[in-house]
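A short write-up of the structure that comes next.
The values are calculated or read from the model by the stated rules, or taken from the named source; none is laboratory data. The shown structure was predicted, so the numbers you read here are calculated from the model rather than taken from an experiment. Neighbour counts run over all protein chains shown; Cβ positions are idealised from the backbone, glycine included. All accessible areas refer to the heavy atoms of the entire protein, side chains included, with ligands and DNA or RNA removed. Shrake-Rupley method; radii C 1.70, N 1.55, O 1.52, S 1.80 Å.
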Amino acid sequence: MVHYLCFMHIDIITVLPELLESPFAHSILKRAKEKNLLDIQVHSLRHWAVNEYGQVDDYQYGGGAGMVMMCEPLANAIDSLSKKIKYDEIIYMTPDGERLNQKTANTLSLKNNLLVICGHYKGIDERIREHYVTKEISIGDYVLSGGELPAAILVDTIGRLIPGVLNNETSALFDSFQDNLLAPPVYTRPVDFRGWKVPEILLSGDPKKIDEWRNELSLEKTKDRRPDLLEE
Ligand code: ADE
């Protein structure tokens, strides 16, 4: 039996914990939790609300539409969780953060303890970003109504990279974006569907030739769709 030393713990702070129930309850992340390789705890920020009405946000100074998540509940939440765990990174999901890519996911998958903060409304008070947050991540150049779906995406992309999580440990190595290349096309049975045939080479049984063919198609696809990746 193989014993993996890797174990990752991820805490997530959110005003909408219900939104994060389903993404971690299925498929690969579920298996990761069952194998004790990954522990994800979702915390409701309202637990640290400033009053009995559950208030965690307020109007912004200087005027303008939209509420801002207050310092006090966030600072208390982070302080309280940090008493038990020393975080490698405190991550804030925000459209003005650094764009998430495979390289960041690879780096984060080697950490042990992460804290992820989901923003809402206009975002969180800047002072929390200055004094607590160590990394700010965007999942793309578009604005979502909150940081929960971005957090789920981040945890999914990190979680599947933890050694032992995927059945075939090498399979993540061949994902798109590892090596800055898009993945080659894949086929399964039947060999002929409505006259659409699987490329002969994949049936040849020659692993070297198949590898070469896959590399060639990866490169072609990347040149065609994402030439920017080849420049990096
Ligand atoms: N919150 C709202 N939009 C977001 C985005 N694009 N990335 C990360 N967090 C967000």
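Could you tally the net charge around Thr14, taking each other residue with its Cβ under 15 Å from the Cβ of Thr14, Lys/Arg +1 and Asp/Glu -1?
-4
Nearest 10 degrees is fine. How inclined is helix 148-159 to the longest principal axis of the chain, computing both from alpha carbons?
The angle comes out at about 50 degrees.
Counting Lys +1, Arg +1, Asp -1, Glu -1, what net charge surrounds Glu200 among other residues with beta carbon under 12 Å of its beta carbon?
On the way: positive: Lys197, Lys209; negative: Asp192, Asp206.
Around Glu200, the charge tally is 0.
With a Förster radius of 41 Å, plug the Cβ-Cβ distance of Asp179 and Asn76 into 1/(1 + (r/R0)^6) and report the FRET value to the nearest 0.05. The partial results should precede the final answer.
Numbers: r = 43 Å, r/R0 = 1.06.
So the FRET efficiency works out to roughly 0.40.
Compute the separation of the alpha-carbon centres of region 131-175 and region 26-42 and state it in Å as a whole number.
Measuring centre to centre over Cα atoms gives 14 Å.
Given points 7 Å out from each Cα along the Cα-Cβ axis, report the Ser145 to Lys209 separation in nanometres with one decimal.
In this crude spin-label approximation the distance works out to 5.5 nm.
Taking all protein chains together and a probe of 1.4 Å, list Lys83, Lys30 from the most accessible to the least accessible. Mind dumping the intermediate values first?
On the way: Lys83 175, Lys30 90 Å².
Reading off the accessible areas and sorting them downward yields Lys83, Lys30.
When all protein chains stay in place, what accessible area (Å², nearest 10, 1.4 Å probe) is found for Asp179?
Only protein atoms counted, so the area is about 130 Å².
Once both axes come from the Cα atoms, what is the angle between helix 71-82 and the longest principal axis of the chain, in degrees from 0 to 90, rounded to 10?
60 degrees
Could you tally the net charge around Lys122, taking each other residue with its Cβ under 14 Å from the Cβ of Lys122, Lys/Arg +1 and Asp/Glu -1?
-4
So how far apart, in nm, are the two label points at Asn112 and Asp192 if each is 7 Å from Cα heading toward Cβ?
Simple spin-label model gives 5.8 nm for this pair.
Per residue, what accessible area does region 176-231 have, given a 1.4 Å probe and all protein chains present, in Å²?
Working: 4490 Å² over 56 residues.
Value for region 176-231: 80 Å² per residue.
Rolling a 1.4 Å sphere over the protein heavy atoms, what is the accessible area per residue of region 8-159, to the nearest Å²?
For region 8-159, the solvent-accessible area averages 52 Å² per residue.
Place a +1 charge on the Cβ of each Lys and Arg in region 8-159 and a -1 charge on the Cβ of each Asp and Glu, then give the dipole magnitude about the Cα centre in debye, rounded to the nearest 20.
For this selection, approximately 600 debye.
To the nearest 0.05, how large is the calculated FRET efficiency for Glu52 and Arg99 if R₀ is 41 Å and r is the Cβ-Cβ distance?
Working: r = 40 Å, r/R0 = 0.97.
That pair, Glu52 with Arg99, gives E of 0.55.
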